[in-house]
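Trainee: I have a structure here, written as structure tokens, and I will follow up with some questions on it.
The values are calculated or read from the model by the stated rules, or taken from the named source; none is laboratory data. Computed from a prediction, not measured in an experiment: that's the story for all the values here. Don't worry about glycine lacking a Cβ; one is built from the backbone with ideal geometry, like all the others, and counts go over all protein chains shown. Each accessible area value is taken on the protein alone, full model and side chains, heavy atoms only, with ligands, DNA and RNA left out. Shrake-Rupley method; radii C 1.70, N 1.55, O 1.52, S 1.80 Å.
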Amino acid sequence: MAQPLSLVFDVPETDGDEDQEPSPYEESEVHDSFHQLIQEQSQRAAEEGLELQQVARTLGAPGSDHQTHLGPEGGPVHHTATLRILASMPSRTIGRSRGAIISQYYNRTLQLRRRSSRPLLGSVVRSARPSLRLYDLELDSAALEEDEKRSLLVKELQGLSVTQRDHMIRGMPLSLAEKRWLREKSWTPRGKRKGQQGRGVSGCSRLRYSCLLALHSLGLALLSGLYARWPWHYALKQIGGQFGSSVLSYFLFLKTLLAFNVLLLLPLLAFLVGVQAAFPPTPLGPAPTFTGLELLTGRGSFTHTVMYYGYYSNTTLNQPCPPPQDGSQCDPGAGGLPYNMPMAYLFTVGAAFFITCITLVYSMSHSFGDSYRVGSTKGVHALTVFCSWDCKVTQNWASRIQQDSIRTQLKELLAEWQLCREPRSVCGRLRQGLVLGLVWLLCLGITLGCTMAVLTFSEVMIQSSVAGGQEVGLLALPLVVSLLNLGAPYLFRGLATLERHDSPVLEVYVAICRNLLLKVALLGVLCYHWLGRRVAVLQGQCWEDFVGQELYRFMVMDFLFTLLDTLFGELVWRLISEKKLKRRRKPEFDIARNVLDLIYGQTLTWLGVLFSPVLPAVQILRLLLLFQVKKASLMANCQGPRRHWLASHMSTVFLTLLCFPSFLGAAVFLCYAIWQVKPSSICGPFRTLDTMYEAGTVWVRHLERAGSGASWLPWLYHHLVENTFFIFLVSGLLLAVIYLNIQVVKGQRKVICLLKEQIRNEGEDKIFLINKLHSVYEKRETR
């Protein structure tokens, strides 16, 4: 029979406990928790004792050869002495005695209470031990002094001011009933001394607290309502649950691009568009009427607005002194620091690009750390099965979304695990290598052909514009480029079916590389067309406006072709497959092509910021519409991927492609336009200069001649802008930060791998020691 378990109440005390004041729980709840915990552990210990006796009888039966037997589960059954030692291990002794149970519960509760800190009350401390009077246990003297310490606490609170007392009581980790009792007891003497004044202060304080609580609740409600109004509040969870992390990565990337464009647009609106709209230049003639064609071409009534470079003036908008009306002298104190529009234009665009660069690099490094810090996905299957469910979910739609998400995540994990267990043979690898080489040659040939077609057609467009073409003909080049961007990825996708990659992740990466080469080649030809050929042809005209309008046309045409592709490539194909072919299969969502379309549109936006400051607003509107269209088409016309895969590194890859080919190329394009290309002489803030960069030098010379109080501005310009050492220093520091961040992530991955290896080795050590112990006891029994 199992021996009765004795209760030993031994809770160690430390010196650090006296400086803490944890919050006690309600008396009845503590008693119930202890009673339930003790009963569970005592019952478990009794059951384990019975099982141990049964195993001992089995092993001690006649005819036993003292060898390791197999239990009903197929596991080993060790010797009786081995089982006793295993039962005495520290990881299994907790719960065998009630004293250990109480000690564990006390330590756990004490650690939980110590998380909330408040101002110390000196030597006045309350006992943190739970009362066990219901169990007739021996209590220490600290519990008997609780009432005395509570009265001392009340006296100390009475010596504080009303504000300090309220702040002190509010910060105490106590229940509301105890806080209310302390507040009433600390206010009672003052009420007796000052009559109705104490009650008046109490009423005002309670009213103030009620108002503050109402305002806080109202603010939280407004924030939650505003967050719920975002288009991705519910959609992202639904997409992730039904289609997996691979399709979800596209919409997360679209959300990231939207944030980048908002960050880019804010300084442009504040320092360029808003200021120029407040001080509009003198119109040169009557404004053209709106015909509706401007929405496609960007010309007409849009030309002489803040949308394009040519509208911005090259003068100082707020003069230091207004011109005198009666010929008298100016008042020097009437004016302020002049707002030089050329310098504002140059520095605002530069600052916006610099902020975008810092944010992009930080986002990329942060995403790299999150996705590559953990070296493997071993052990996540059990965590997904047993620890993924959110028990706070109460609504049916939320529970369905969570079920879909867990099911899809398990499919992705199992697909990745199965992929690692099915290696390809040597002949299969050789055959696949030959097919890969042939397909890559065909894809490079298609890319080269598209590039030559765009280059040839751009020369034809230049000749037709010299001959005097119609305004509708301006849409021809964007139309051709958009057709090639739409058709070539379908050819790449058709050729990719011949490769038959084992990994769907590798298939997506290969498709991204091919589409990226196509986009980069086409954008390189277009940049040469704009800054090389167009600038030479449009001498004497405002070529900056033409480039801005051309980029606007490319963005609009790309958006229209995206809508057409969504309509015919997904909706019509689904209808044909279901109605005519009688198939239940739907088209899959092409992640590579859609992501590269987003990067292509964002690159057009960055290229056009210098020539059209309002272009980020057009991109924001485009992204919002694209999110809704793609989400609706995905839910209605597409199906989940046939081969599930875990897109753990997709966000990092997308941000990397956005940073280095896209943003870096746009920055080189704009730097060349600022430092090398001569601005137009009839429009824009740099019309009288040889290069846009000279605006800074002219402004600094003007400040030096004027001798104004802002003498530190020329010093900053000479030492921080013109000095190349500072630029190289900032670039080196940025590269060093990126390198150190990458090395830190690599070090963390290595440490995690070492810790996992150490845990695995400790498990093997335990198995080794148990086997050695079993063999020792077997040898003793045989002697």
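Trainee: Taking segment 641-661 only, how many residues are at pLDDT 90 or above and touching a Phe, Trp or Tyr at 6+ places or on another chain (Cβ under 7 Å)?
Mentor: So the count comes out to 1.
Trainee: Please state which of the following conditions Tyr600 fails to meet, knowing it meets all the rest: (1) touching a Lys or Arg at 6+ places or on another chain (Cβ under 6 Å); (2) free of Cβ contacts under 8 Å to residues at least 12 places away in the same chain.
Mentor: Condition not satisfied by Tyr600: (2).
Trainee: Could you look through segment 147-181, keep only residues that are of a type in the set (Ser, Thr, Tyr) and part of a helix (DSSP H, G or I), and pick out the one that is surrounded by the fewest Cβ atoms within 10 Å (Cβ to Cβ)?
Mentor: Only one residue fits best here, namely Thr163.
Trainee: Please enumerate the residues belonging to segment 703-746 that are in contact (Cβ under 8 Å) with a residue 40 or more places away in the chain and closer than 21 Å to Leu317 by Cβ.
Mentor: Residues satisfying the conditions are Ser708, Ala710.
Trainee: Something else about it: Would you pick out the residues in segment 603-627 that are under 18 Å from Glu294 (Cβ atoms) and assigned to a loop (DSSP other than H, G, I, E, B)?
Mentor: Once the filter is applied, which keeps residues that are under 18 Å from Glu294 (Cβ atoms) and assigned to a loop (DSSP other than H, G, I, E, B), segment 603-627 yields Phe611, Ser612, Pro613, Val614.
Trainee: Go through segment 619-634 and report how many residues are open to solvent by 30 Å² or more (accessible area, probe 1.4 Å) and more than 24 Å from the chain's Cα centre (by Cα).
Mentor: Of the residues in that region, 0 qualify.
Trainee: Related question: Could you list, in sequence order, all residues of segment 291-307 that are part of a helix (DSSP H, G or I) and either farther than 22 Å from Leu265 by Cβ or at pLDDT below 90 (or both)?
Mentor: The answer is Glu294, Leu296, Thr297, Gly300, Ser301.
Trainee: Which numbered condition trips up Gln539, out of (1) part of a helix (DSSP H, G or I); (2) under 30 Å from Pro685 (Cβ atoms); (3) at pLDDT below 95?
Mentor: With respect to (1) part of a helix (DSSP H, G or I); (2) under 30 Å from Pro685 (Cβ atoms); (3) at pLDDT below 95, Gln539 is out only on (1).
Trainee: Out of curiosity, is Leu223 more than 22 Å from Leu360 (Cβ to Cβ), modelled with pLDDT under 80 and open to solvent by 40 Å² or more (accessible area, probe 1.4 Å)? Working first, answer last.
Mentor: Working: more than 22 Å from Leu360 (Cβ to Cβ): yes; modelled with pLDDT under 80: yes; open to solvent by 40 Å² or more (accessible area, probe 1.4 Å): yes.
Yes.
Trainee: Quick check on this structure: which one of Leu560, Leu575, Leu551, Leu598 is open to solvent by 20 Å² or more (accessible area, probe 1.4 Å), under 30 Å from Gly300 (Cα atoms), part of a helix (DSSP H, G or I) and not basic (Lys, Arg)? First the steps, then the outcome.
Mentor: On the way: Leu575 fails: under 30 Å from Gly300 (Cα atoms); Leu551 fails: open to solvent by 20 Å² or more (accessible area, probe 1.4 Å); Leu598 fails: open to solvent by 20 Å² or more (accessible area, probe 1.4 Å).
It is Leu560.
Trainee: Moving to a separate point now. Residues of segment 496-518 being open to solvent by less than 40 Å² (accessible area, probe 1.4 Å) and either closer than 24 Å to Leu484 by Cα or part of a loop (DSSP other than H, G, I, E, B) (or both), which ones?
Mentor: Scanning segment 496-518 gives Ala496, Glu499, His501, Ser503, Val508, Val510, Ala511, Ile512, Arg514, Asn515, Leu516, Leu518.
Trainee: When you look at Thr566, is it under 17 Å from Val629 (Cβ atoms), touching a Ser or Thr at 6+ places or on another chain (Cβ under 8 Å) and among the polar types (S, T, N, Q), yes or no?
Mentor: When the stated conditions are applied, Thr566 passes them.
Trainee: Taking the options Val668, Val700, name whichever one is within 37 Å of the chain's Cα centre (by Cα) and either among the aromatic types (Phe, Trp, Tyr) or assigned to a helix (DSSP H, G or I) (or both). Lay out the reasoning, then the answer.
Mentor: Values: Val700 fails: within 37 Å of the chain's Cα centre (by Cα).
Residue meeting the stated conditions: Val668.
Trainee: Next up: Taking the conditions exactly as written (open to solvent by less than 30 Å² (accessible area, probe 1.4 Å) and closer than 18 Å to Ile599 by Cβ), does Val481 satisfy them or not? Show your work before the answer.
Mentor: On the way: open to solvent by less than 30 Å² (accessible area, probe 1.4 Å): yes; closer than 18 Å to Ile599 by Cβ: yes.
It is true that Val481 is open to solvent by less than 30 Å² (accessible area, probe 1.4 Å) and closer than 18 Å to Ile599 by Cβ.
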